[in-house]
Amino acid sequence: VDDEEEVFQVIMKKLDWEGMGFRIAGYARNGVEALEMAEELSVDVVMTDIKMPYMDGLTLCRKLKEQYQKIKVIIFSGFDEFEYAREAIKIEAEEYILKPINANELREVFERIKNNLDKELDEKRNIDKLQENFLTSLIDGRIPEDSIEEYARNCSLTLKGPYFVVTVLHISTTNPMEGALPIDPFLLAVSVKKLAEEQLAASEYDSKIVTYLGDGIVITQLPTEEAITRFTDCMDKICKMAKRVCKAKITAGIGHVCSGPEELQMSYLGAKNAVSYRVLYGNTRAINIAEIDPQENADLPWEEPFIQKIIKKVKVGEEQPLLDAIAEFTEKLAGSKMSLQRYRILIMELITELSRFGANNQINLEDVFGGNGDVYTRAMQLESTDALREWLCENCLKLQKQVQNERQDTTKSFVSKAIDYVKEHYA
């Protein structure tokens, strides 16, 4: 960055940049122009003069460090004054060198910076891989609650909270932006992730971004529950910026705020649910699940995993784990404060899943639920979650037993057929 074109033309020609492991991304004539280019080009190093119109080099350096903490800044100047050097040190410039620039000195400066960048990159890759594995396991519910703190410590992560939220960054590939060039979805995802990382690094939020199942997943620690409003605005800004900078349509689905890392799986399910609302609210924006349905925001994402857990325990065939899964479900239901309408829908979904499982396993459902009246109506007439628990325990145990008997009958049938075959064919 220099307002004298002959200066940067000489610098660009003086060294074998490709041989040193660098590529010239571009040049600017003042700080304002340079700041815009840094946003678009995602550069690693900025080399700038001090005295320039509109925005001087020191101001540029300060703004770059505020917005992009990892950019290395080299300041060069023809003014051999202590104040400039002192200010450069204060704002964490990598180097302060004087004009006229010596080619050997410049080469040494860039060799040092490249070594530092390579070292930082290697360290970051190793730590990032560990952290990514940990965080994806956490939102998937694969880490025991009592092991979370130890896992986090082992991969250099601090989970102080006190509040947490998960955001899903979904890139729309079905309807590309008009005029946008065809681009590899993987490269687009990398560009969006890098943009989001830079913006969040410059914000007030402690966030980590990982890639999971094709989406960017942002795990954020919040100082208060109320901070979610400002955070939603921040994610909305990132969506708008991605459209301008990366030519990508991004939907940021924001899950429920939770009070511990062990609840991040529920926040993640809420975030995925929020993303699906883009068909109603449009993409290129942030959608907060709590703003869509604030009365039920605490309870939207949890039902399906609990229902599937009960089905799984019926299938496995052990009595006590099934009873425990039902108790866990009804306890969660009792504390959910959901509306009566949602409760009725949930009970219908539960019975439908149990009935489907029974039918798939050739079970006569009247033997399980009884033939006197509609099973849905009987379930709706239960007047408490305790009554529901007892009813579920009774019927699910019968279903479990029927499945076991069916398996035994199937096995016996195969043996009988084998004996008959031998009697008939063994001469």
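The values are calculated or read from the model by the stated rules, or taken from the named source; none is laboratory data. Predicted, not measured: the structure shown is a model, and the values here were computed from it. So basically every Cβ, Gly included, is an ideal-geometry build from the backbone, and we count neighbours across all protein chains shown. Surface areas here come from the heavy atoms of the whole protein model, side chains and all, with no ligands, DNA or RNA. Shrake-Rupley method; radii C 1.70, N 1.55, O 1.52, S 1.80 Å.
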For the range 119-157, which positions are touching a residue at least 60 places away in the same chain (Cβ under 8 Å) and open to solvent by less than 90 Å² (accessible area, probe 1.4 Å)? GLN131, GLU132, LEU135, THR136, LEU138, ILE139, ASP140, GLY141, ILE148, ALA152
Kindly list the number of the only condition in (1) at pLDDT below 80; (2) open to solvent by less than 30 Å² (accessible area, probe 1.4 Å); (3) not hydrophobic (A, V, I, L, M, F, W, C) that fails for GLN295. (2)
Subset of the range 71-109 (residues that are in contact (Cβ under 8 Å) with a residue 60 or more places away in the chain and more than 16 Å from VAL1 (Cβ to Cβ)): ALA103, ARG107
VAL415 - would you say it is at pLDDT 90 or above, over 39 Å from the mean Cα position of the chain (by Cα) and open to solvent by 40 Å² or more (accessible area, probe 1.4 Å)? no
Search the range 241-254 for residues that are over 23 Å from GLY270 (Cβ atoms) and pair each with any residue that is of a type in the set (D, E, K, R) when their beta-carbon atoms are under 7 Å apart and the residues are at least 6 apart or on different chains. LYS243/LYS249; VAL245/GLU39; VAL245/GLU40
Residues of the range 216-244 that turn out to be more than 19 Å from ILE289 (Cα to Cα) and in contact with a helix residue (DSSP H, G or I) (Cβ under 6 Å, 6 or more places away or on another chain), as a count: 1
Condition set in a strand (DSSP E or B) and either open to solvent by less than 40 Å² (accessible area, probe 1.4 Å) or farther than 23 Å from PRO223 by Cα (or both), scope the range 158-180, selection modelled with the lowest pLDDT: answer is ILE171
Restricting the range 201-250 to residues that are small (Gly, Ala, Ser) and in a helix (DSSP H, G or I), the residue that is surrounded by the most Cβ atoms within 10 Å (Cβ to Cβ): ALA242
When the residues of the range 259-279 are narrowed to those that are free of Cβ contacts under 8 Å to residues at least 60 places away in the same chain, in contact with a strand residue (DSSP E or B) (Cβ under 9 Å, 6 or more places away or on another chain) and farther than 20 Å from ASP233 by Cβ, which ends up surrounded by the fewest Cβ atoms within 10 Å (Cβ to Cβ)? SER276
Can you tell me which residues in the range 329-353 are within 23 Å of GLN402 (Cβ to Cβ) and either touching a residue at least 12 places away in the same chain (Cβ under 8 Å) or in contact with a His (Cβ under 9 Å, 6 or more places away or on another chain) (or both)? PHE329, THR330, ILE347, MET348, GLU349, LEU350, ILE351, GLU353
Out of the range 236-257, which residues are among the aliphatic types (A, V, I, L, M) and farther than 14 Å from LYS194 by Cα? ALA252, ILE254, VAL257
